[in-house]
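Down below is the structure, laid out as structure tokens.
All of the numbers you see were taken from the coordinates with simple rules; none came from a lab. This one's a predicted model, so the numbers in the text were calculated from it and none came from an experiment. Every residue, glycine among them, receives a Cβ derived from its backbone with ideal geometry; neighbour counts consider all protein chains shown.
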Amino acid sequence: MSRTATVFKRAGRAVDEWLATKNGRTRSEYTRDISRYVKYCAERRVDPLKARPDTAAGWLESLESDYHLGSATRLRALRVVSGFYAYAIRWDYAKKNPFWDVTKPKPATQTALGMSMDESQCLLREAFWTSERLHALVVTLLLLGLRVSELLEADIEDIQSEGGQRVLRILPKGKDEKVSVPLPDTAFAALMGYIGERTTGPIFLTRTGRRLSRTGAYDTIVRLGARAGIKRLFPHLFRATTTGLLLMLGVKLERVQEVLRHKDPKTTIGYDRQLQRLRDSPVFVLEKALAEFEMAA
């Protein structure tokens, strides 16, 4: 907010007041979305409190082109920033909401599948040769199927042992208490290799010693994907990959739902149906028939 407060003090004050009405993870997520919007406006010298629909539409397009966000995520970001304008109008900071006349992103009708086994292994190798931090981040996200926020909010003290099993204590989305998830040896070794002699504080740090943010992790992961030849890589794709690979390996739906902590089993079933649709497509029947006809000719 500091950049906007410098250029447009009134807008900065409105944003700070609005964020002060939020708390916990909600405030963190809202801060990320409004910060992206504010940055977009500031770069174009547009006062957010006087922004017009073309600015709002341009920002939504930038979320796809610059941040590679899916339609559902862009729709959520739109609702967050639109919520800021509702506050700004109510308290006489702004007169209109520029998002009123903007076409809303349509949620995807098809479940997004993750990386293949080959792509996952390629990414792991690239992360290994890049840095200990990136390797630990990728391995843990991929094996545990965590949301990136759950992993980044974890501290070194959350790496524990329960009943002889190493676990990581995380705070799930929408929960007030931490839960334990199993920590495989590969992930534990990667985390310990990165943590080194540190004994307390955040697991993942920036170069300046602060807790790594979601934005920082996002940017790092996108660059990693580009180097590994994966065109569209973003943090949540790891969670989709974990789901898809477990289903491909024959793990039962209810066990996969347990690992991913999907509240609604339909979420897990959606991945399974999409995989089955691709594997069982009639095009393979046609391919086989054409091959047999050619051999018989």
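Some values worked out for this structure:
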{"quantity": "Charge dipole (debye, nearest 20) of the stretch 11-116; +1 at Cβ of Lys and Arg, -1 at Cβ of Asp and Glu", "calculated": "220"}
{"quantity": "The stretch 92-190: GluC sites (Glu not before Pro) falling in loop per DSSP and having at most 15 other Cβ within 10 Å", "calculated": "177"}
{"quantity": "Cross-link pairs 9/50; 39/173; 175/252 - those with Cα-Cα distance over 19 Å", "calculated": "39/173; 175/252"}
{"quantity": "Gained length - residue 253 relative to residue 20, 0.36 nm times residue gap less alpha-carbon distance", "calculated": "79.8 nm"}
{"quantity": "Over the stretch 17-121, relative contact order from alpha-carbon pairs under 8 Å, at least 6 apart, %", "calculated": "29"}
{"quantity": "Paramagnetic label zone (point 7 Å from Cα along Cα-to-C-beta, residue 66; backbone N under 20 Å) in the stretch 203-240", "calculated": "213-226, 232-236"}
{"quantity": "Cβ-derived FRET efficiency at R0 22 Å, residue 28 paired with residue 226, nearest 0.05", "calculated": "0.25"}
{"quantity": "Formal net charge of residues neighbouring residue 93 (Cβ-Cβ distance under 13 Å; K, R +1; D, E -1)", "calculated": "+3"}
{"quantity": "Nearby aspartates and glutamates by direct alpha-carbon distance to residue 106 (threshold 17 angstrom, same-chain neighbours under 8 apart not counted)", "calculated": "61, 64"}
